[in-house]
Amino acid sequence: MKEIDALIKQYALPHTIYITQPTMPDFERYSSMLKRIWETKWLSNYGEFHRELEQRLLHFLGVQYCSLFCNGTLALLSAMKALNLKGEVITTPFSFPATANVLKWLNLKPVFCDIEEKTFTINPENIKRLINKKTSAILPVHVYGYPCDVNAIQNIADTHGLKIIYDAAHAFGVRLNGTALVQYGDASMLSFHATKLFTTLEGGALIMKDEQLKREIDSLKNFGIVDEETVLRPGINAKMNEFQAAFGILQLEQVEHEIASRRHIHELYMNKLTSVPGIVLPSRNPNVKHNYGYFPILIKEEQYGMSRDALYSVLLRFNIHTRKYFYPLISSYSFFKRLSTTLSAHLPVAEQAAEQVLCLPIYGTLAHDTAKRIAEVIAILSEKYVL
Ligand SMILES: Cc1ncc(COP(=O)(O)O)c(C=O)c1O
């Protein structure tokens, strides 16, 4: 038997372990909220659970205004629309498709900017070089919940009169020097998708500081309706419904516990993988209260002994399903390819990250023994794997 088969026999997990799993709220409590929905027969359009979740989120996040959405993508789209952007928007290629796709939907031109090596977030120095008279905004991503260089980005925006819309899909609960990360910029989008730390099944929110913007966004997500007889804007339907909001109210009660449980998994991986050659572990910033939503590592093929892609494939044979977030880069999608800023030469750091990154399973209910096994397998493969 080949050595790898023997290792699989010894170390494979009995069931597939996915990158994430939602921590479900108490079923009885959700049922009693459903019962309330059955009594009121109020299913959508700003019902009591919608109002309650919005209030609770303001308090939990420590922000002034919040608008709930049926998903994060439509929240981002609505923010861009409300801010009336034109021309070009500078963004990162190292993200989920939604980030740049919304620009395409609004006929805005994405301008791809390289990222920082340590945080995978947009590089402010490179932003400066991409600004011209057609630039109207910057769309940075707090990828994996790692804060962008928010002060440098704000300075650039102030100097050039640009708007900033953060894709904060991963940044729920993250604080920078005690301030909610979603407080920065003109608006920040949160995603409450089922794969996220805090979920409403599908769902999302926009956070903003300006009351007028909140009013516009609330009307935009409801067809542009202002009152029974007035439609002011060509809006869309992007409202959160009562089933989602009720789920969110219960999720919010357990989210600090979820973050603490993920932190234990994070520390376990850090300890177990720290001396494995060729693995670069996530960097930590002492000024940040992290949410431990993701555990991205980089695989340096020469030192580790195999490529990221080879490791991804062999881990599947151990029933360990990791993810190559974010490969391929958005800039390589066929419908963006003809843009000049998609050339590899402009994006060396992002290209390298996309080739080497691998996100390991992390979620509150992941058994510690399972996480230990995942780390052990990764360590053993670096020593023993034979093709
Ligand atoms: C960085 C990023 N932006 C946007 C989205 C889209 O959010 P949603 O799925 O809630 O539409 C996601 C993921 O789902 C994401 O990871």
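At a glance:
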quantity	calculated
Single match in 360, 343, 329 (criterion: away from the ligand (no atom under 16 Å from the Cβ), buried (at least 22 other Cβ atoms within 10 Å of the Cβ) and not assigned by TED's automatic domain parsing to the domain that holds residue 105)	360
Subset tally (residues that are of a type outside the set (A, V, I, L, M, F, W, C) and under 22 Å from residue 24 (Cβ atoms)) for segment 351-367	4
Contacts under 9 angstrom Cβ, first residue in segment 71-91 being charged (D, E, K, R) and open to solvent by 30 Å² or more (accessible area, probe 1.4 Å), partner more than 8 Å from the ligand (Cβ to nearest atom) and assigned to a loop (DSSP other than H, G, I, E, B), 6 or more apart	81/106; 81/233; 81/234; 81/235; 81/236; 86/108; 86/134
Candidates 131, 122 - the one that is surrounded by 19 or more Cβ atoms within 10 Å (Cβ to Cβ) and of a type in the set (Val, Ile, Thr)	122
Which numbered condition residue 5 fails, given (1) free of Cβ contacts under 8 Å to residues at least 40 places away in the same chain; (2) within 15 Å of the ligand (Cβ to nearest atom)	(2)
Options 207, 236; residue that is surrounded by fewer than 22 Cβ atoms within 10 Å (Cβ to Cβ) and within 16 Å of the ligand (Cβ to nearest atom)	236
Residues satisfying the stated conditions in segment 186-200, i.e. open to solvent by less than 10 Å² (accessible area, probe 1.4 Å), more than 9 Å from the ligand (Cβ to nearest atom) and in contact with a Lys or Arg (Cβ under 9 Å, 6 or more places away or on another chain)	187
Those residues of segment 347-357 which are open to solvent by 70 Å² or more (accessible area, probe 1.4 Å) and in contact with a helix residue (DSSP H, G or I) (Cβ under 8 Å, 6 or more places away or on another chain), in sequence order	355
Filter result for residue 45 (modelled with pLDDT under 95 and open to solvent by 70 Å² or more (accessible area, probe 1.4 Å))	yes
Spans of strands (runs of 3 or more DSSP E) in segment 129-245 with at least 3 residues under 26 Å from residue 52 (Cβ atoms)	187-191, 204-208, 225-227
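The values are calculated or read from the model by the stated rules, or taken from the named source; none is laboratory data. Everything numeric in this text was worked out from a predicted model, so none of it was measured. No Cβ is skipped: glycine too gets one built from the backbone with ideal geometry, and neighbour counts run over all protein chains shown. Ligands, DNA and RNA are stripped out before the accessible areas are found, and what is left, the full protein with its side chains, is counted by its heavy atoms. Shrake-Rupley method; radii C 1.70, N 1.55, O 1.52, S 1.80 Å.
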